[in-house]
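What follows is one structure encoded as structure tokens, with my remarks underneath.
The values are calculated or read from the model by the stated rules, or taken from the named source; none is laboratory data. Only a predicted model underlies this, so the values are computations on that prediction, with no experimental measurement involved. Here the Cβ is made from the backbone with ideal geometry for all residues, glycine too, and neighbour counts use every protein chain on show.
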Amino acid sequence: MVSLGFFLAIEFAERRYGGGPIIGHPGVQIPQLIFTPESWPLMYTSMALMTVMFTWRQRFIAAGVAVVIDSVLVLVRLVFDARTTLGTGPLWVMLACAVMAVTHRSGKERVLLLKGVGLGMLLLVARKMGNIWLLITATTRPTVLDEYLAAADHALGNPSWLAGRLIEATGPVPSNILHWVYTQLTVAAVVVAFYQLRNVAKERRFPRHHLVRTFLAIGLLGPAIYMIFPVVGPVYAFGAQGGPSAVANLWPDAMASIPAPHHMTFNDLTPRNCMPSLHTAWATAIFIHSRQTSRLLRYAGTFWLVATVGATLGFGYHYGVDIIAGVVFTLTIEGTLRAQAYGWKWLGVPLVAYGTTVFAGLLMSYRYLPTKMARYPGLFAPLLLLAMGSVIYAYVRTTTKLPEPKAALVRAGSRFEGGHPVAPSETLAA
């Protein structure tokens, strides 16, 4: 019922501010069963996430069917001179699995398969619903607070300007790599999540907590902050991409001097999606969850975090203060979800309260103290880093004391956890 209410609210907002269905609406999934989808990597990674409860043989069959469907549709599109791309096949496979779960499965197996399909589709729909949120922020927030963040960013040495110059100086190769990392963040998340969920096929149940939960929670809560603190980013507010709405074409060649920040009126096309940096938040979540994986994935998680931060700053999409807020935002959400997964043990409550307080304090300081932050960088830069570091320390101290979920054991048709029987209803709810 909560999900239905959410979709109805988005439907109303979309038609109120967008004038009708736009790319990203869940209903647009139906035409994508035939026509070209938006992102074929997203389609295939969503299908891969769905197959976590499959055997390897079933996974190869699902992948093969998806590739065959895509191949046939590519040939058809070539005949009709239409745009050729992949991604329709996985959508057909996920739909077929949903139908199979209802018609050919029962009991625990039906629930497990529907959970897998829901997991894959939820990731797909969440990505597309983000497009609607971006439209809503642009059309409902005519003014932005970029001058406040640009002034506050002086305390950190204007890292976006410095990173932008560095990328321009290094040529197209590093820029292309960073752009690919930035745009394929969901793919990296699915790789880590697939590793975390690799035992679902054997244990026939999902773990209490995994990366997908954090990823979706960040995407759900982040747009609410966009509405409270609308910011477009330096490349738009102070660069050429802002067009007539920009203060001037300064980024990244010249620093912006802002003695008295004020609200800026901006166009109704550019999303207000900078505060906090959700790309940094998602990359931080990938980094956290990759710590308990293989060495290769640990290295990949570190690389993705560093490269994502470099891209967000170097392309002018975010200010340095956005990055700090994004890290605190993620650790607070991750701490909340971990505490909830283990029954809200008393260790998790102080972390959630402290992270929320620090995040609110950061937003308040960016809004009401930007000129003082710019005037006294020697004082406020250490304070900002100390605030972020204190949340990191509190998170590490807290999560190391929370127990890891114990492996589920199947014995004679019953399910045991840590030697104690679990009721079937508890097993399905896990």
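Screening I22, I69, I30 for residues that are surrounded by 13 or more Cβ atoms within 10 Å (Cβ to Cβ) and at pLDDT below 85 leaves exactly one candidate, I22. When you look at I258, is it at pLDDT below 90 and either under 25 Å from S175 (Cα atoms) or not polar (S, T, N, Q) (or both), yes or no? The answer is yes for I258. With respect to S294, is the statement that it is of a type in the set (S, T, Y) and more than 16 Å from V396 (Cβ to Cβ) true? Here the answer is yes, as S294 does meet what is asked. Does region 248-255 contain at least one residue that is crowded, with 22+ Cβ neighbours inside 10 Å and at negative phi? The answer is yes, given that some residue of region 248-255 is crowded, with 22+ Cβ neighbours inside 10 Å and at negative phi.
Of the helices (runs of 4 or more DSSP H) entirely within region 199-248, those holding at least 1 residues that are touching a strand residue (DSSP E or B) at 6+ places or on another chain (Cβ under 9 Å) and in contact (Cβ under 8 Å) with a residue 24 or more places away in the chain occupy 200-203, 234-237. In this structure, T312 does not satisfy being within 21 Å of L220 (Cα to Cα) and without any contact (Cβ under 8 Å) to a residue 24 or more places away in the chain.
Would you say T357 is over 30 Å from P252 (Cα atoms) and modelled with pLDDT of 95 or more? Yes: the conditions hold for T357.
Looking at region 117-139, which of the residues that are touching an Asp or Glu at 6+ places or on another chain (Cβ under 9 Å) and β-branched (V, I, T) is surrounded by the fewest Cβ atoms within 10 Å (Cβ to Cβ)? Going through the qualifying residues, I end up with T139. Among the residues of region 108-129, are any in contact with a His (Cβ under 8 Å, 6 or more places away or on another chain), among the acidic types (D, E) and in a helix (DSSP H, G or I)? Looking through region 108-129, none of the residues is in contact with a His (Cβ under 8 Å, 6 or more places away or on another chain), among the acidic types (D, E) and in a helix (DSSP H, G or I). When L95 is tested against (1) of a type in the set (A, V, I, L, M, F, W, C); (2) surrounded by 16 or more Cβ atoms within 10 Å (Cβ to Cβ); (3) in contact (Cβ under 8 Å) with a residue 60 or more places away in the chain, only condition (2) is not met. Here's a check for you: in region 324-357, which residue that is within 30 Å of P261 (Cα to Cα) and more than 21 Å from the chain's Cα centre (by Cα) is surrounded by the most Cβ atoms within 10 Å (Cβ to Cβ)? Per the stated criteria, the residue is Y354. For L162, the criteria (1) within 24 Å of the chain's Cα centre (by Cα); (2) surrounded by fewer than 18 Cβ atoms within 10 Å (Cβ to Cβ) hold in every case but one, which is (1).
Of all the residues in region 275-328, those that are within 18 Å of H179 (Cβ to Cβ) and outside any helix (DSSP H, G or I) number 5. Among the residues of region 360-370, is any part of a helix (DSSP H, G or I) and within 23 Å of L166 (Cβ to Cβ)? No - not one qualifying residue is present in region 360-370.
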